[in-house]
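To start, the structure itself, in structure tokens.
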Amino acid sequence: MNWRVTILILLAFIGGVLVLAAIATRPPSAPEHEIYVNGNVLTMDAAGAVHEAVSLREGLIESVGSSEEMLALAGNNTVVVDLRGRSVLPGFIDAHGHFPGSGQTVFSADLNSPPIGEVTNLSELLERLTRLAQTRTDGWIVGHGYDDTLLAERRHPNRDDPPWHPIAQ
């Protein structure tokens, strides 16, 4: 076989594989019209309204109401989903989240002041750090939720505050 023919066949094969890969990996498109029925649709509005069903067109909320009201909007291409009593709420985009760090609170002292926590002064803050230090063998003492403006002293702890470094004692 001629080497040019071989190269053309190889290029055609690679092109076909690339087309198939593009088709297989493209994200699915949302249905033009979707209706979710028989559920608890939490609208998150100021009144805290909860409806039984929701209609979406091209990915946007069109209407909320009873299942019968939403089914009346259905057409030939509508996808209907029975929620079977489950809840739906609007999607949220967290533009600034600290989710990965939330697990670190398990290994640190809670230094939150009211209304979240109970630390109201430097003595309580240092006591919590001391208790954590007594359980740590690696020397790392970490606190979370600390706000010096909410403490009675309205200042940061410093090395003169006993017991500042409990492990050294």
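Structure above, values below:
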| read-out | value |
| --- | --- |
| Selection count where residues are loosely packed, with under 11 Cβ neighbours inside 10 Å and part of a helix (DSSP H, G or I), scope the range 135-150 | 2 |
| Options V119, V106: the member that is within 30 Å of V142 (Cα to Cα), surrounded by fewer than 11 Cβ atoms within 10 Å (Cβ to Cβ) and β-branched (V, I, T) | V106 |
| For G39: the one exception among (1) out of contact with any Gly (no Cβ under 9 Å at 6 or more places or on another chain); (2) farther than 30 Å from H144 by Cβ; (3) small (G, A, S) | (1) |
| Boolean, L129 is assigned by TED's automatic domain parsing to the domain that holds E153, touching a strand residue (DSSP E or B) at 6+ places or on another chain (Cβ under 9 Å) and not in a strand (DSSP E or B) | yes |
| Matching residues, the range 76-94, being at pLDDT 95 or above and either out of contact with any strand residue (DSSP E or B) (no Cβ under 8 Å at 6 or more places or on another chain) or not in a strand (DSSP E or B) (or both) | L83, R84, G85, R86 |
| Leading residue by the ranking (modelled with the lowest pLDDT) among those in the range 151-165 that are surrounded by fewer than 11 Cβ atoms within 10 Å (Cβ to Cβ) and of a type in the set (K, R) | R159 |
| Odd one out for D94 among (1) closer than 30 Å to E32 by Cα; (2) exposed (fewer than 15 other Cβ atoms within 10 Å of the Cβ); (3) in contact (Cβ under 8 Å) with a residue 12 or more places away in the chain | (3) |
| Matching option when the condition is more than 24 Å from the chain's Cα centre (by Cα) and either closer than 30 Å to P31 by Cα or in the same structural domain as I61 (by TED's automatic domain parsing) (or both), among N158, N77 | N77 |
| Single residue of the range 33-54 satisfying the filter (among the hydrophobic types (A, V, I, L, M, F, W, C) and assigned to a strand (DSSP E or B)) that is surrounded by the fewest Cβ atoms within 10 Å (Cβ to Cβ) | V50 |
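This table checks each residue for (1) over 30 Å from D82 (Cβ atoms); (2) in contact (Cβ under 8 Å) with a residue 12 or more places away in the chain; (3) among the aromatic types (F, W, Y).
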residue	(1), (2), (3)
T6	yes, no, no
V17	yes, no, no
A22	yes, no, no
R26	no, no, no
P31	no, yes, no
L56	no, yes, no
S66	no, yes, no
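The values are calculated or read from the model by the stated rules, or taken from the named source; none is laboratory data. Nothing here was measured: the structure is a model prediction, and the numbers come from that model. Ideal geometry is used to build each Cβ from the backbone, glycine not excepted, and the neighbour counts take in all protein chains shown.
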